[in-house]
Each structure stands twice: as structure tokens, then as C-alpha cells.
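Visitor: Okay, handing you the structure first.
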Amino acid sequence: MSYLPPMMIASDVIGRVHDHQLIKKEDYHAREGDLCYGCGLLLDESSSVYHCPHLGTNDEEYNCATFFLHKACAHLPTMLKHPNHHHRLTLSHRPLFFKDKCNVCGIKLTGFTYYCRSCKDEFQICVACVIPIKTIDIRPPYHPHKLSFQANGQATFRCDACHEVDTDFSYMCNTCSFWIHLKCSNLRRSLVSDIYHKHPLRLAYSLPEIYRRFQQSCRICNEVLQDPSDWIYYCQDCRFFAHIKCATSPPPYYFDIVYTSQEDSVHKSLSDLVHLPLPDDESLLRHCIQKGSFSWWKDAALTPPDHIHHWSHEHPLSLKNPSVVGTTSEEEILPICNGCTESITIKDGPFYECGECEYILHGYCAHFPKEMSDPGLGRKHVAIQLNVHDIWSCNRCKGFRNGIQMRGRYETSWGKISTVDTNLDSGCAVLPKMITHKAHQHKTRPYGFGLEHCFIESFFTCSACGQYIKQFDASYMCEADRCLTYLHTECALKPLRVTHRWDPHPLHLTTSLEEVTDHPHEFHCEFCSEEIDTNYWFYHCSVCDLSFHLKGCMDLFLYSKVKFGATNIKLDAHHHGLTFVLNKKKGQPCHRCHKDTFRMPVLQCAPCKFVQHAQPELCS
């Protein structure tokens, strides 16, 4: 189809949107923010326009002062044929249908549109997809040479902005090989898309240099932005990036997934799933028990016995009321459970305590089964109680513990049969197969899609830390089709808030830059001084503007779930009973290996100034 030359001004169309006669001005010096009513695009500094002479400052005359039409928009043909549709299209002064997006480019329609009177599918397109808005030859800011309009719609080309191969209206450079869609050449400099992002998105003709230090991805399709010269829409404050095609297209189908009633019968409702991260005062084990249907605890909670002989301890344990948890004028004194090594609070209900020593158990830890199947993968685990100073690492949360250990073994058949030994704390042992997380949300699911527990058979990248998920790493993956979200279980279990001795305020788990307001500059880790890749999670204090990497730089909390304070521990290397503590003093070397023991678990004798690593492997 050849280019249609300008026709007489469509006065019948313009008369419906403005009351006064318009004056043509070939060299109008546009002010900042002046828009053409017809196409909705900004006017150039010097434009050929029609404008209303009734200029004024009061509210009634404001619409006159801001009413402009490009000369090309004022001379639009009232009817035309377009290669994207088989019927002739009619010019309208406003969008006519409930569906207010252009059928060609997907941009929200404003001002003039062309629509089909014959079709029932409500076909309508914007002015930018019809003819050049300004001139046949243009000198755009995104290319150094003059571009010429190609109107026949038959030559095949690859658009240098969106990379689509097409035969649509286009601009071509006669000096070099640059070629671009007409619709891409008229992209709005600022795009409001509340479907994808809460802030306006700015058009960039390449990825700004400041963001090239780390690999960036389109937040809509999740594909990596391979070429920095690709056109994008982005939000500077949130580091949100999107391909221009993704940002201006209707949402993909998986943005609007809604479970059918049959699927709902298979999956738990989201409100019944464990939702992470947990509140500050919530225990993982208690939370999983409340969400799950564990008969071993429901039965015991009805009529808890006054005394029990627990397999993990040599003395009988007596039932205590949680009101015995004492307080001082300064802070609450919270005893630590020897089973899960979590604090015992009033909300935990009655607990069991040894009358001869400091051994104590939550009510639900006291009745935790000695042998159980893992809800996540269905394998059996056996409970083991090690020495009070024997520290071990949980295979799921990677946290150090010295409480009851659930030990199991998995057999795999990937390639050849092999076994994987696992050690789990009681909370991770009852962690369900399906969870939700605040960092993974879709528009139609307010609490996010369920993430399914699995062993990964291939190498994927964790969406939280950016590190590879290896073959035997405990992980979660999203159950939704085409959603490439994978999480290490240890990342999914990271707490919402942590305290740090370098900051008087809690550090918040930041899973998206939308959670941090008014922060245009880079984030640097206070511990290692390296810049933080904000595509992944990190901890941040908005008050002090302090940030830390999610992993590695938060190792000060490695032993936060270890119960210290056990006394009278016998060791061949020393003749006195030793105390199990976290060493907070510098300059105290290990008696065995002579290495520094600062901020490490140790066995010590204060009168003799004897110190030895509690973990023998640290002495190697």
C-alpha cells in the first residue's frame, strides 16, 4: 500500500473535539510538555502545528491553550486501508471500544484512532501505526543520519529497535543499514504501565552505562538483555528493565493464570500454605505445625502429661506453664529449647523442663516423633541427639544447630544410583512441599504462586542469591508454566529482619528495589565494600542507608540458632569442667591449634583461661 498524501483537513472530526477554529503555524516553538491531541506525542522544539488562538490562563481556557495538532495529524484521511487489516478503517476523534489498546503496537489509545466498522473483533489502531506523524524524512535523536519513510509495506526488514522481522511501515537509513518500524520510531518517551510496574517507565535507546556492571534481564519475559544497544523501557529508581515490545504488549497469558476448581482440589489453598518469610517472632517449626495436620502433636496437645521420660535426656521432664518465663526490668528472659534451639515464649504453650539441669523442650518438641517421613520428599528421617557442644549444619536452611538432628538418606537414580545423606533440624524436617513467598507474586494471586520443593536435576540460577543451584541442593521451583523462578531452600528461609551490631535499626530483607524508596545511587555492601547486584536479594536499612549481601557477608549470624551455656563439659585436654560459649573476646587462641577463636563457638575454662574450638574441624 502506497503512502496516502495529505488530504483536506478533517474538520468534521476536529469539530467534535474542539469548539474553535484552529490556526496553522509552520514554525511553532513548543513548550515543555506540549502534546499533539491526535497522536499523543510530544511536539518538537520547532513544529508545524495547528493550534487554538484562544489562549488564556483560567480553567475554561486552559484546554484551548494546550490544544495542538501536528500538521500531519490535522490532515489525516478520513478513511484508509492498512496492511494489518482486511477492511477499510475509519478515522475517529477518540477510542471507540472498551478495549482501549492499539491492535498493532499494543500502546494505550488516546486521541485519534482508526477503527473498523465491519468487524466484530473491535479492531482499532493508533495514529502512529498509520502514517508518519511529522515528516517523510526525519532526523531522530537515536540515529546520526537522516531516515526516509518506507510506505509500501512489502520490503522485509529487521527492526533495529525491537528486532522483529517485518514488512510494516518503516524508516530506513540510506547511509547505513539502520532500519526501524514506524511504530517504534514513535514510541512514547515515558510509558505508564500499571500492569507491569507502579512507576512511569522511561525510554532508552540503549542500556545506560551505569547499569552494565551486572547482567540485566527483562522483568516481564525474564530473558537476559543480551545487547546493551537494545532499546528498553526502564525505571531508574527501581532498576526495572523491559524490552520495548514487552512493555507495550498485552500481558502474557501466564500473568493471568487462574486455577480451575479441579486444580484447586489438587493444590492447597494459598492461605493454608506456609508463607515466607516468617514474622520476626515466629518459629518455623511452630508455623509448620499450625499449617500442617500433624496428628502426633494434636493428640498430645489435648491432654499433655505432667511428666515424661524423653529419649534425648537422662532425667525426667516436668510440664511447666509458660507464665513461669520470667522478665527483668530491662529485657525478657527467654529460655532456649534443646530440641529446636528456638526461644520458648508464651504463645508456644506448656513446655517441659528438667528439675536437675537446664534441659528444656517445647511441648511440641517433646512429642516430636523419633522417626518420621519428610513431607517435602517423602523420605524417612530418624531423630538423633548429639552432645550439647556438637554443632552441625542443616542441609536445607544451612544454619548451625546443636539440637535434635533428623538424619536421613536419599537414593537417587540420575545417571547412576547414588545416595545423599541429609541432616535436618526439626523445622526443616516438617517444611512442606509447597510454600509461598512474598518475593514471588503474580497479579492474579495476591499471595504468590506456590513454590514446589525439589532436587534440581540441571543447573539453574537461584532468583534470590544469583548462585547456581547444584544437583543435590535443596530447592524450590515455581509450579507455574513458563515461570523460571528457583530458590535455594536456605534463601527462601532467610528472615524478614535481622539485627546487626553495626546498625541500631533492624535490617530488612529486600527482594525488590520497589521496597526501597528514593535511592537513585548504587548499593554497596558495608562488610565487603563491593557493589550489590540489586537483581538479587540483600539486606538494607533505609534509615542509615546500610546494605549487606544476602550471603557471605552476613556470617555474623551463623550461630544465632545454637544454644550456648552448657556447663561441666568433660574434655581430656583439660582437668576442669568446661563451658560452651560463643567467644566474644579477641586475642584468645585455641589451645589445640593456636588459631584465633574470636566469634567462634568454644569450650572454655574461665579461671584457667583455657579455650578450645568446639568444632574439631576448625582446628585442621
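The values are calculated or read from the model by the stated rules, or taken from the named source; none is laboratory data. The structure displayed is predicted, hence computed values, not measured ones. Don't worry about glycine lacking a Cβ; one is built from the backbone with ideal geometry, like all the others, and counts go over all protein chains shown. Heavy atoms of the whole protein, side chains included, go into the accessibility calculation; ligands, DNA and RNA do not. Shrake-Rupley method; radii C 1.70, N 1.55, O 1.52, S 1.80 Å.
Visitor: Between R592 and H307, what's the calculated FRET efficiency when r is the beta-carbon distance and R0 is 60 Å? Round to 0.05.
Guide: Efficiency computed from Cβ-Cβ geometry: 0.90.
Visitor: Looking at the calculated P(r) for the range 461-550, what percent of the C-alpha pair distances fall above 18 Å?
Guide: 48
Visitor: Something else: Please provide three numbers in whole Å: the alpha-carbon extents of the range 344-410 along the principal axes, with the largest listed first.
Guide: The Cα atoms of the range 344-410 stretch 39, 25, 19 Å along their principal axes.
Visitor: Ratio to report: Rg/Rh of the range 464-620, with Cα atoms as the point set and Rh obtained by the Kirkwood method; give two decimals. Could you put the intermediate results ahead of the total?
Guide: Numbers: Rg = 20.1 Å, Rh = 18.6 Å.
For the range 464-620, the value is 1.08.
Visitor: Continuing with the same structure: For labels at D421 and D272 in the simple 7 Å Cα→Cβ model, what's the distance in nm?
Guide: Result for the modelled spin labels: 3.7 nm.
Visitor: Grab the eigenvalues of the alpha-carbon gyration tensor for the range 205-245, scale each by 5, take roots, and send me the semi-axes largest first in whole angstrom.
Guide: 13, 11, 10
Visitor: Just how much of S463 is accessible, in Å², when a 1.4 Å probe is used and the result is rounded to the nearest 10?
Guide: Here the residue's solvent-accessible area equals roughly 40 Å².
Visitor: Right, here's the next one. Kindly write out, for the range 348-363 in residue order, the coupling ³J(HN,Hα) from the Karplus curve 6.51 cos²θ - 1.76 cosθ + 1.60 (θ = phi - 60°), rounded to whole Hz, with x marking Gly and Pro.
Guide: Here the 3J(HN,Hα) series is 7, x, x, 10, 10, 9, 7, x, 9, 9, 9, 7, 8, 9, 4, x Hz.
Visitor: Solvent-accessible area per residue for the range 472-620 at a 1.4 Å probe radius, Å²?
Guide: 51
Visitor: Something else now. For a Förster distance of 30 Å, can you work out the FRET efficiency between the beta-carbons of L319 and K380, rounded to the nearest 0.05?
Guide: Using R0 = 30 Å, I get an efficiency of 0.55.
Visitor: Sticking with this structure for a sec: Ranked from highest to lowest mean number of other Cβ atoms within 10 Å per residue, what is the order of the peptides 560-569, 484-493?
Guide: 484-493, 560-569
Visitor: So how far apart, in nm, are the two label points at H575 and D390 if each is 7 Å from Cα heading toward Cβ?
Guide: 2.9
Visitor: Would you mind checking which residues have amide H under 5 Å from I532's amide H? H placed 1.01 Å from N; only 5 or more apart, or other chain.
Guide: F523, H524, C525
Visitor: How much length is gained if the chain between E282 and K25 is pulled fully straight, taking 0.36 nm per residue apart and subtracting their Cα-Cα distance, in nm to one decimal?
Guide: 85.6 nm
Visitor: Quick one: of the DSSP bridges fully inside the range 521-578, what percent are antiparallel, nearest 5?
Guide: Numbers: 7 of 8 bridges.
Expressed as a percentage, antiparallel bridges in the range 521-578 total about 90.
Visitor: A further question follows. Around F67, which amide H atoms from residues at least 5 apart in sequence, or from another chain, sit under 5 Å from its own amide H, with H modelled in the peptide plane?
Guide: Residues meeting the criterion, in which the H sits 1.01 Å from N, are C52.
Visitor: To the nearest 20 debye, what is the magnitude of the charge dipole of the range 534-593 about its Cα centre, counting +1 on the Cβ of each Lys and Arg and -1 on the Cβ of each Asp and Glu?
Guide: Charge dipole of the range 534-593: 240 debye, to the nearest 20.
Visitor: Then there is this: If each residue of separation counts as 0.36 nm, what is the full-extension length gain between H505 and K584 once their alpha-carbon separation is subtracted?
Guide: Difference between extended and current length: 26.3 nm.
Visitor: If amide H atoms are built 1.01 Å from N in the plane of the peptide, which residues on other chains or at least 5 residues away come under 5 Å of the amide H of S170?
Guide: The list, which skips near neighbours in sequence, is Q150, L182.
Visitor: Which FRET efficiency value, to the nearest 0.05, is calculated for S206 and L80 with the Förster distance at 56 angstrom and r the Cβ-Cβ distance?
Guide: Efficiency at R0 = 56 Å is approximately 0.95.
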